[in-house]
Amino acid sequence: MADFSLRQLEAIIAERANSGETGSYTALLKQKGLPKVSQKLGEEAVETIIAALSEGDEALTGEVCDLLYHLLVLLHLRGIPLATVEAELQRRTAVTGLQEKASRGA
């Protein structure tokens, strides 16, 4: 299995979004703007849920790929690097959710 990371996908999205290529779906999404990308992300989230509940692993995997792609396009348009998301995930996983909740008190 070839190694591939979300960081690589992030770089591909940035390259294609900034290329101005007329044949690039990513460039087209960028041109349509944040509202369209947000709509597509929502559609992909729903499709992922449907696949999780009623379809096989291959279909679910495909929908998750679509969801992650559109999420990374949205982050690109907002200027939020994946590293920022990773840092927040690291911060959140430094303690368990139950420990964090308990530290807030009553």
**Criterion (assigned to a helix (DSSP H, G or I), charged (D, E, K, R) and surrounded by fewer than 13 Cβ atoms within 10 Å (Cβ to Cβ)) met by exactly one of E88, E44, E63** = E88
**Request:** Kindly indicate which of A52, A87, A83 is more than 17 Å from E10 (Cβ to Cβ) and among the aliphatic types (A, V, I, L, M).
**Result:** A52
**Asked** So how many residues does region 58-74 have that are closer than 26 Å to E86 by Cβ and free of Cβ contacts under 8 Å to residues at least 12 places away in the same chain?
**Response** 3
**Message:** Can you find a residue that is modelled with pLDDT under 95, surrounded by fewer than 13 Cβ atoms within 10 Å (Cβ to Cβ) and assigned to a loop (DSSP other than H, G, I, E, B) anywhere in region 72-85?
**Reply:** no
**Prompt:** Does region 12-28 include one or more residues that are assigned to a helix (DSSP H, G or I), free of Cβ contacts under 8 Å to residues at least 12 places away in the same chain and of a type in the set (S, T, N, Q)?
**Reply:** no
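The values are calculated or read from the model by the stated rules, or taken from the named source; none is laboratory data. These figures come from a predicted structure and were not determined experimentally. Virtual Cβ from ideal backbone geometry, glycine too; neighbours counted across all protein chains shown.
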